[in-house]
Structure formats: C-alpha cells, structure tokens
1. Name the helices (complete DSSP H segments) of the chain with a Cα length along the long axis of 27 Å or more and a Kyte-Doolittle mean of at least -1.0, or state none.
2. Are there any trypsin sites (Lys or Arg not before Pro) in the stretch 115-158 that are in a DSSP loop and have at most 10 other Cβ atoms within 10 Å? List them by number.
3. Take Lys327 and Glu128, extend 7 Å from each Cα along the Cα→Cβ direction, and tell me the distance between the two endpoints in nm.
4. Just want the answer: with Cβ charges of +1 for Lys and Arg and -1 for Asp and Glu, which residue in Ala101, Leu337, Asn374 is farthest toward the dipole's positive end in the chain?
5. Past the 32 Å Cα-Cα mark, which pairs from Lys4/Lys281; Lys25/Lys99; Lys205/Lys233; Lys209/Lys327?
6. In nm, to one decimal, how far is the Gln20 label point from the Asn50 one, both placed 7 Å along Cα→Cβ?
7. DSSP beta bridges in the chain, what fraction antiparallel, as a percent rounded to 5?
8. Per residue of the stretch 140-152, in order, report the coupling 6.51 cos²θ - 1.76 cosθ + 1.60 (Karplus, θ = phi - 60°) as ³J(HN,Hα) in whole Hz, putting x for Gly and Pro.
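Coordinate-derived values only; no laboratory data. In this text, all values refer to a predicted model and were calculated from it rather than measured experimentally. When we count neighbours, we look across all protein chains shown, and the Cβ atoms used for this are built from the backbone with ideal geometry, even at glycine.
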Amino acid sequence: MKVKVLKFGGSSVETLEKMQFVANKIIAFKNNGNEKLVVVVSAIGKTTQNLYDNALKLAKHPSPRELDLLLSTGEVVAISYLGIILKELGIDTISLTGKDANIFTTGCFQNSKIINIDTSIINEYLNEGKIVIVAGYQGVNEKGDVTTLGREGSDATTVNLAHYLDGECIIFTDVEGVYEVDPRIICNSKIHHNLSYNDLLMLSKHGAKVIARSAIEFALDKNIPLVIKSTFKDGLGTIINNYNNKDFVGITYQNLIKLIKNNLSNEEIHDLVNKGIIIEKMKDYASIYSNEFSVDDFSSCDEFKSYDLLRLSIIGNALNNPNIRTKILKYLEDLNLSVVYSWHKESIFSIFINESIFLKTINYLYYYVKDEVNCERD
C-alpha cells in the first residue's frame, strides 16, 4: 500500500480545538485502510511571523543561523501538540523535527532547499504501524545546522516526502479545493475537480495561495499524485494530474504592485530577489511585488506608475485569442473601469488597475470572461 502524506497548514491548526479536529480526521484516514500515514504540520497560525517580529526587537539584523533555529520552533510546537492529542486518543504515533526525519538541505538560511531525504527512520516507524508526524518548513544542512525553507516551506516538505517515500500527497487547506476565483471574493465561484499541474502552476505564479509555486514545480517534475481539499468539509477536492490545460482556469489577483520602467540594474534585481520579491519583466515595464513587504520598503527606484496598483490575471488557453483580450478591455472601458496597463504572455492576460475598483472589476470580469470563452468554444 502506498504511503499517504497529509499536510495541514497553519489555518488548519491555529487553535487547539482545530487541532483536535485534525487529529480525528487523521484517525478517520487510518481507519479507512490507510496503513501508512505521514503527516506534515505547519506552525500554529501566525507563530512564525510573531517569532520573526520578536527577533527584530532583539537585533536589527539577527544572526541567520539563530533566526532559523528560532523560526523552526513553531512547527516543533505544532507536531508536539498533535502527537500528544493522537496518543491521548490511543493512536501509536511519533513526531519528528526536520533534523530527526533526516531532511537534508543546502543553501542560505531562511531560504534553503531540500536536496535529499533519508527515509530509513520514517519507514522504520511506518513499518511498526506508527503515524509519523513531521515538522514542515525545516531541515538540516551539511554542518548540522537547522535551516528553514522560506515562506510556505511546509508545502516543499510535503511534496519531497511524497517523492522520497514513493507516496501520494494530500494538501488540506481552509477551502474545498482550487476555485476559478477565490471563493472568499466571489462566493459562487466554480471549483475545479480536476486540474493540470501547469494550470495550477499558473494560478500560483499569479497570486493564488493554495499551494506554493516551488512545490507545484517539484510535483510536476516528479509526477507526484496530488490532491487539494478542505480540512473542515467533506468532499473530493481538486485532483492535480496531467490533465489537458483548460480554456478558462480562473482569475487571480496580487496587490502591493509597483509598476516601473524597465531600467532595473542587475544589482537591484539581485537585491530584490534575495528579499523574496518577485520581478516580472514586460514590454516597457517591470512588475515587482511581494505579499510580505510594503512597496515603500523594497525598491529604490523612483520612476513608477502607481504605488496602489493591483494586478488581475486571467488564465486559460482562450486568452491566447487576441479577439477575447480586445473584448475584455473594451468591456471594462464601457463600464468606466480604468485599466492602467495590460500585458499578455501565452495563456495569461494581466491587467493593472487601482485597488479601489478591485471588487467591482473582478466580479464583472469573472462572468464576462466565462461567457466569452463559452461563446468562442461554441
């Protein structure tokens, strides 16, 4: 029987009550004939950010090694709590830090990469019938130092474990799967029951926060069976595999956008990338953005279009059609919804708008684009 690797993120374990619920869900999996279970857990709620903020109160530039050791403790607390709960419920389990699990990493602190996992210790516990709980987001480098994998690093832990254990991967989150638009923005957005790795990757690259981009790339490269579903609701979720790319995948959004002239130096680009900021070069402009930093903090460039832009990206094969792209811009113009800049590459069509018209624009766009794609298909 294949190993199943289950991942529960911070929102799934942000309270002890939710952790109790997660424990019961794990037991249900075990009782459903899943004999070999590995569970990856993120830190509780905002623990990692709180630890980071406290470190900055102690030092303007904390030691990278000590900072990683500190940040890794959030996941250690979470796996310990979950292990205590499961054992109290009579389940044979063991919790392992990244170092305990022989997750070997390389690269810089706060942004290391997994290079190998020696699964012998995990397999030993699995063969004893134990549920193995592994701390996400962390590993150990060649010097024996604890290192962390960067934001959303628990996703990387999960897909790597699935690969090295030749297992299947289920990501549990606070939504029921992958939607055409974030259901918290458009409540009747349609869920994808099947989606290709490539389509999921495009959604992640352009703002969807279901699973980390690097984890999808790894799953695609290694052809790892992947399912995304809700922690708190029953349902099939979204199965990710080598399905055909869709005509319409969805609409994503990214805020904290700075649109600047394409005159960034190599040194500036390197500095921004090291801060975890994404840079995308386009005709005439470059788009730089980050979900973690204020735009005022991450660039010395003075020439910009607007500090308050939001990027909407419409994704799907149909967006290769210039007729559809032209209709979208004309439709928004007729509604007096001003587009600052538009950009197209392959199956992505992005528009940059002022944040003040975000909700109105995405609601109008969602239904209009779906209708246009259906018309073109007919």
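1. On the way: long enough: 358-377 (28 Å, -0.49).
Sorted by number, the helices that extend far enough and score high enough are 358-377.
2. Working: sites: Lys130, Lys143, Arg151; in loops: Lys130, Lys143, Arg151.
Loop-located and lightly packed - Lys143.
3. Here the modelled spin labels are 6.2 nm apart.
4. Asn374
5. Lys4/Lys281
6. Label-label distance for Gln20 and Asn50, simple model: 2.0 nm.
7. Details: 40 of 67 bridges.
Bridges in the chain are about 60 percent antiparallel.
8. Karplus values, whole Hz, x for Gly and Pro: 9, 8, 5, 8, x, 7, 6, 10, 10, 9, x, 4, 6.
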